[in-house]
Amino acid sequence: MMKPVSTLLLACLLTLAGCQSLSDKKPAGEPDNENLPSGSGTSDHNTVFLSAQHCLSEYVRDQSRVHYGPCLKIISVGDSTPQVRDDGFIELPVATSVTLGVSCVYRHADGSPIPLTMETTEFSITPQTFTETGKRWYLHANTKARQVVGCVPTLSRSTAPTYRTD
């Protein structure tokens with residue numbers, strides 16, 4: 001008779017321990033946290049946060065698999081190497097012009113890069129690009145994860161591609 005009681009007690013304790021380890025903070029993609037910088041870095045109140053690197057992907061439902069799209073990495077901010085925070089974002093001042101050097105690469109079906117597809121280009125930030133402080137932004141390598149070619153940097157507030165592939 002003691003074995004079922006002790007099993008039930010152990011299950012309750014494990015459940016309680018698991019709940020205690022859950023964070024109260026929502027993931028960065030959730031609406032309540034999309035404007036909050038994460039990480040321990042200090043930040044100026046006149047900045048926005050731009051992801052230093054980002055890869056697109058899209059779930060292909062009829063094939064039951066993930067298609068790994070192109071990746072983009074910021075390789076320069078003006079003439080300097082980007083200062084990447086612990087959370088993977090770069091701080092940029094609002095209402096300021098700067099040119100970003102970016103590198104794009106497409107990926108194999110297993111997610112590994114295809115070196116021959118690597119190319120670099122520039123992306124210009126104008127004083128009108130970022131007007132609200134504290135926002136998180138992502139620079140995509142293209143507008144879609146599939147059926148695209150080239151490095152066409154596309155600014156977005158979302159980690160998802162701008163357009164889904166039909």
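The values are calculated or read from the model by the stated rules, or taken from the named source; none is laboratory data. What you see is a predicted model, and the numbers here were worked out from it, not measured in a lab. Cβ sites come from the backbone with ideal geometry, for glycine too, and all protein chains shown count toward neighbours.
In summary, strands (runs of 3 or more DSSP E) completely within the range 54-135 and bearing 2 or more residues that are of a type in the set (G, A, S) and in contact (Cβ under 8 Å) with a residue 12 or more places away in the chain occur at 65-77, 98-105. Among what's in the range 87-120 and is small (G, A, S) and within 17 Å of the chain's Cα centre (by Cα), pick the residue that is modelled with the lowest pLDDT. If we take residues in the range 87-120 being small (G, A, S) and within 17 Å of the chain's Cα centre (by Cα), then G111 is modelled with the lowest pLDDT. Within the range 141-150, is there a residue that is over 25 Å from R65 (Cα atoms) and of a type in the set (S, T, Y)? No, the range 141-150 has no match at all. Would you mind stating whether S64 is of a type in the set (G, A, S) and crowded, with 18+ Cβ neighbours inside 10 Å? No, not satisfied.
Of everything in the range 136-155, what is free of Cβ contacts under 8 Å to residues at least 40 places away in the same chain, hydrophobic (A, V, I, L, M, F, W, C) and closer than 28 Å to N46 by Cβ? Give them in sequence order. Correct list: L155 only.
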